[in-house]
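Contents: one structure, followed by commentary.
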Amino acid sequence: AGSALGGALYAAGAATPLGPFATPFACSAALQLAPVPLLVLLLPPRSAAAAAAAAKAPDAAMPSLSALMDRSRVVLAASVVATAAVAEALNPLMAPHLRRRFHWDAAEAGLYFAVICAAYMLAALPVGRLADRAIASGHGARRLKLMLAGGWVLSGSAHMVVGPAAALAPHWLGGILTVAAAPLLGLSAAALIVPSLPALEAGIEGDEEI
(Lines give C-alpha, C1' and ligand atoms only; values in the text may rest on other atoms or scores of the structure.)
Protein backbone atom coordinates (compact mmCIF):
# COMPACT_ATOMS: atom_id res chain seq x y z
CA ALA A 1 0.00 0.00 0.00
CA GLY A 2 2.81 2.42 0.83
CA SER A 3 4.54 1.93 -2.52
CA ALA A 4 1.29 2.40 -4.42
CA LEU A 5 0.48 5.59 -2.51
CA GLY A 6 4.00 6.92 -3.00
CA GLY A 7 3.80 6.27 -6.73
CA ALA A 8 0.38 7.91 -7.00
CA LEU A 9 1.59 11.02 -5.16
CA TYR A 10 4.66 11.13 -7.39
CA ALA A 11 2.45 11.16 -10.50
CA ALA A 12 0.14 13.80 -9.02
CA GLY A 13 3.09 15.93 -7.90
CA ALA A 14 3.97 16.85 -11.48
CA ALA A 15 1.16 19.41 -11.38
CA THR A 16 2.26 20.97 -8.07
CA PRO A 17 4.86 23.68 -7.36
CA LEU A 18 6.95 21.22 -5.36
CA GLY A 19 7.35 18.83 -8.27
CA PRO A 20 6.84 15.07 -8.52
CA PHE A 21 9.60 13.98 -6.14
CA ALA A 22 9.14 16.47 -3.30
CA THR A 23 5.32 16.24 -3.20
CA PRO A 24 5.05 12.68 -1.78
CA PHE A 25 7.59 13.46 0.93
CA ALA A 26 5.87 16.72 1.88
CA CYS A 27 2.52 14.92 2.11
CA SER A 28 4.12 12.11 4.11
CA ALA A 29 5.75 14.56 6.52
CA ALA A 30 2.46 16.38 7.08
CA LEU A 31 0.54 13.15 7.64
CA GLN A 32 3.13 11.93 10.12
CA LEU A 33 2.34 14.81 12.45
CA ALA A 34 -1.26 13.55 12.77
CA PRO A 35 -0.40 10.54 15.00
CA VAL A 36 1.27 12.78 17.60
CA PRO A 37 -1.94 14.17 19.20
CA LEU A 38 -3.75 10.91 18.47
CA LEU A 39 -1.17 8.96 20.46
CA VAL A 40 -1.61 11.30 23.41
CA LEU A 41 -5.41 11.18 23.27
CA LEU A 42 -6.05 7.57 22.27
CA LEU A 43 -3.22 5.69 24.01
CA PRO A 44 -4.49 5.23 27.56
CA PRO A 45 -2.24 4.03 30.35
CA ARG A 46 -3.18 0.60 31.60
CA SER A 47 -4.58 1.03 35.08
CA ALA A 48 -2.47 -0.15 37.98
CA ALA A 49 -5.36 -2.35 39.14
CA ALA A 50 -5.61 -4.01 35.75
CA ALA A 51 -1.85 -4.56 35.65
CA ALA A 52 -1.91 -6.17 39.10
CA ALA A 53 -4.85 -8.36 38.16
CA ALA A 54 -3.09 -9.48 35.00
CA ALA A 55 0.05 -10.35 36.96
CA LYS A 56 -1.93 -12.53 39.39
CA ALA A 57 -4.07 -14.22 36.76
CA PRO A 58 -3.10 -17.78 35.75
CA ASP A 59 -1.35 -18.16 32.44
CA ALA A 60 -3.70 -18.82 29.56
CA ALA A 61 -2.95 -20.68 26.37
CA MET A 62 -4.23 -17.77 24.29
CA PRO A 63 -5.42 -14.29 25.33
CA SER A 64 -9.04 -13.45 24.71
CA LEU A 65 -10.05 -11.44 21.66
CA SER A 66 -11.18 -8.56 23.87
CA ALA A 67 -7.73 -8.47 25.51
CA LEU A 68 -6.00 -8.41 22.13
CA MET A 69 -8.28 -5.67 20.82
CA ASP A 70 -8.04 -3.21 23.70
CA ARG A 71 -7.53 0.40 22.68
CA SER A 72 -3.83 0.62 23.50
CA ARG A 73 -2.95 -2.43 21.39
CA VAL A 74 -5.07 -1.22 18.46
CA VAL A 75 -3.39 2.21 18.52
CA LEU A 76 0.09 0.71 18.79
CA ALA A 77 -0.60 -1.75 15.98
CA ALA A 78 -1.86 1.08 13.78
CA SER A 79 1.30 3.06 14.54
CA VAL A 80 3.54 0.13 13.54
CA VAL A 81 1.56 -0.49 10.34
CA ALA A 82 1.73 3.22 9.45
CA THR A 83 5.50 3.18 10.06
CA ALA A 84 5.89 0.29 7.62
CA ALA A 85 3.70 2.01 5.02
CA VAL A 86 5.71 5.24 5.26
CA ALA A 87 9.00 3.35 4.89
CA GLU A 88 7.63 1.36 1.96
CA ALA A 89 6.56 4.54 0.15
CA LEU A 90 10.25 5.50 -0.05
CA ASN A 91 11.20 2.50 -2.19
CA PRO A 92 9.76 3.39 -5.64
CA LEU A 93 10.88 7.02 -5.38
CA MET A 94 14.41 7.16 -3.99
CA ALA A 95 16.36 4.92 -6.39
CA PRO A 96 15.24 6.72 -9.60
CA HIS A 97 15.77 10.08 -7.90
CA LEU A 98 19.30 9.19 -6.78
CA ARG A 99 20.20 8.03 -10.28
CA ARG A 100 18.65 11.03 -12.04
CA ARG A 101 19.81 13.89 -9.81
CA PHE A 102 23.05 12.62 -8.32
CA HIS A 103 24.01 10.08 -11.00
CA TRP A 104 24.34 7.26 -8.49
CA ASP A 105 24.42 3.76 -9.90
CA ALA A 106 22.39 0.84 -8.56
CA ALA A 107 25.11 -0.19 -6.09
CA GLU A 108 25.35 3.31 -4.62
CA ALA A 109 21.57 3.56 -4.33
CA GLY A 110 21.53 0.18 -2.60
CA LEU A 111 24.20 1.41 -0.18
CA TYR A 112 21.96 4.37 0.68
CA PHE A 113 19.16 2.04 1.75
CA ALA A 114 21.70 -0.09 3.61
CA VAL A 115 22.68 2.99 5.66
CA ILE A 116 19.01 3.43 6.66
CA CYS A 117 18.83 -0.21 7.77
CA ALA A 118 22.16 0.02 9.61
CA ALA A 119 21.00 3.14 11.46
CA TYR A 120 17.86 1.25 12.52
CA MET A 121 19.88 -1.71 13.82
CA LEU A 122 22.36 0.50 15.67
CA ALA A 123 19.58 2.58 17.24
CA ALA A 124 17.41 -0.40 18.21
CA LEU A 125 19.55 -1.37 21.23
CA PRO A 126 19.75 2.05 22.94
CA VAL A 127 16.08 2.74 22.13
CA GLY A 128 15.15 -0.60 23.66
CA ARG A 129 17.21 0.18 26.75
CA LEU A 130 15.43 3.52 27.11
CA ALA A 131 12.06 1.78 26.81
CA ASP A 132 13.06 -0.78 29.46
CA ARG A 133 14.22 1.97 31.81
CA ALA A 134 10.96 3.85 31.26
CA ILE A 135 8.95 0.77 32.19
CA ALA A 136 11.12 0.11 35.25
CA SER A 137 10.72 3.71 36.41
CA GLY A 138 6.98 3.32 36.86
CA HIS A 139 6.20 5.91 34.20
CA GLY A 140 6.18 3.59 31.19
CA ALA A 141 2.90 4.76 29.65
CA ARG A 142 3.81 8.44 29.71
CA ARG A 143 7.31 7.88 28.39
CA LEU A 144 6.10 5.46 25.71
CA LYS A 145 3.85 8.22 24.40
CA LEU A 146 6.78 10.64 24.37
CA MET A 147 9.03 8.17 22.53
CA LEU A 148 6.41 7.40 19.88
CA ALA A 149 5.50 11.07 19.44
CA GLY A 150 9.19 11.93 19.14
CA GLY A 151 9.64 9.16 16.59
CA TRP A 152 6.83 10.49 14.40
CA VAL A 153 8.15 14.06 14.60
CA LEU A 154 11.67 12.86 13.73
CA SER A 155 10.34 10.74 10.86
CA GLY A 156 8.35 13.65 9.45
CA SER A 157 11.37 15.93 9.74
CA ALA A 158 13.58 13.38 7.95
CA HIS A 159 11.05 13.14 5.11
CA MET A 160 11.03 16.92 4.79
CA VAL A 161 14.85 16.89 4.61
CA VAL A 162 15.15 14.12 2.02
CA GLY A 163 12.17 15.38 0.02
CA PRO A 164 11.35 19.10 -0.37
CA ALA A 165 14.49 20.48 1.30
CA ALA A 166 16.90 18.37 -0.75
CA ALA A 167 14.91 18.70 -3.98
CA LEU A 168 14.67 22.50 -3.82
CA ALA A 169 18.21 23.10 -2.54
CA PRO A 170 21.25 23.68 -4.77
CA HIS A 171 22.76 20.49 -6.12
CA TRP A 172 25.65 20.31 -3.65
CA LEU A 173 23.45 21.04 -0.64
CA GLY A 174 20.78 18.63 -1.84
CA GLY A 175 23.34 15.84 -1.83
CA ILE A 176 24.39 16.65 1.73
CA LEU A 177 20.77 16.76 2.94
CA THR A 178 19.93 13.49 1.20
CA VAL A 179 22.87 11.69 2.81
CA ALA A 180 22.17 13.25 6.23
CA ALA A 181 18.54 12.11 6.11
CA ALA A 182 19.45 8.40 5.85
CA PRO A 183 20.45 7.85 9.51
CA LEU A 184 17.51 10.00 10.64
CA LEU A 185 15.11 7.71 8.78
CA GLY A 186 16.61 4.65 10.46
CA LEU A 187 16.61 6.25 13.90
CA SER A 188 12.99 7.35 13.61
CA ALA A 189 11.91 3.84 12.55
CA ALA A 190 13.65 2.39 15.62
CA ALA A 191 11.95 4.94 17.89
CA LEU A 192 8.55 3.97 16.47
CA ILE A 193 8.87 0.19 16.26
CA VAL A 194 11.12 -1.00 19.10
CA PRO A 195 9.14 0.44 22.08
CA SER A 196 5.85 -0.73 20.56
CA LEU A 197 6.65 -4.45 20.37
CA PRO A 198 6.73 -5.35 24.10
CA ALA A 199 3.72 -3.11 24.71
CA LEU A 200 1.79 -4.94 21.98
CA GLU A 201 2.55 -8.24 23.68
CA ALA A 202 2.02 -7.36 27.34
CA GLY A 203 -0.13 -4.24 27.25
CA ILE A 204 0.83 -0.89 28.74
CA GLU A 205 1.67 -0.73 32.40
CA GLY A 206 0.03 2.00 34.38
CA ASP A 207 2.10 4.93 35.61
CA GLU A 208 2.72 4.87 39.32
CA GLU A 209 1.23 7.67 41.37
CA ILE A 210 3.74 10.05 42.93
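If we scan the range 153-176, do we find a residue that is open to solvent by less than 70 Å² (accessible area, probe 1.4 Å), at pLDDT 85 or above and touching a Pro at 6+ places or on another chain (Cβ under 6 Å)? Checked the range 153-176: no residue is open to solvent by less than 70 Å² (accessible area, probe 1.4 Å), at pLDDT 85 or above and touching a Pro at 6+ places or on another chain (Cβ under 6 Å). Screening the range 98-150 for residues that are assigned to a loop (DSSP other than H, G, I, E, B) and small (Gly, Ala, Ser) and picking the one that is least open to solvent (accessible area, probe 1.4 Å) gives Gly138. Here Leu76 does not fit the description of being at pLDDT 65 or above, surrounded by 13 or more Cβ atoms within 10 Å (Cβ to Cβ) and not in a helix (DSSP H, G or I).
So that you can scan it fast, the table gives a plain yes or no per residue for (1) among the polar types (S, T, N, Q); (2) modelled with pLDDT of 80 or more:
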{"site": "Leu9", "(1), (2)": "no, yes"}
{"site": "Thr16", "(1), (2)": "yes, yes"}
{"site": "Pro24", "(1), (2)": "no, yes"}
{"site": "Ala29", "(1), (2)": "no, yes"}
{"site": "Ala50", "(1), (2)": "no, no"}
{"site": "Ala53", "(1), (2)": "no, no"}
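The values are calculated or read from the model by the stated rules, or taken from the named source; none is laboratory data. Bear in mind the structure is a predicted one, so any value in this text is a computation, not a measurement. Quick reminder, even Gly has a Cβ in these numbers, built from the backbone with ideal geometry, and neighbours come from all protein chains shown. Ligands, DNA and RNA are stripped out before the accessible areas are found, and what is left, the full protein with its side chains, is counted by its heavy atoms. Shrake-Rupley method; radii C 1.70, N 1.55, O 1.52, S 1.80 Å.
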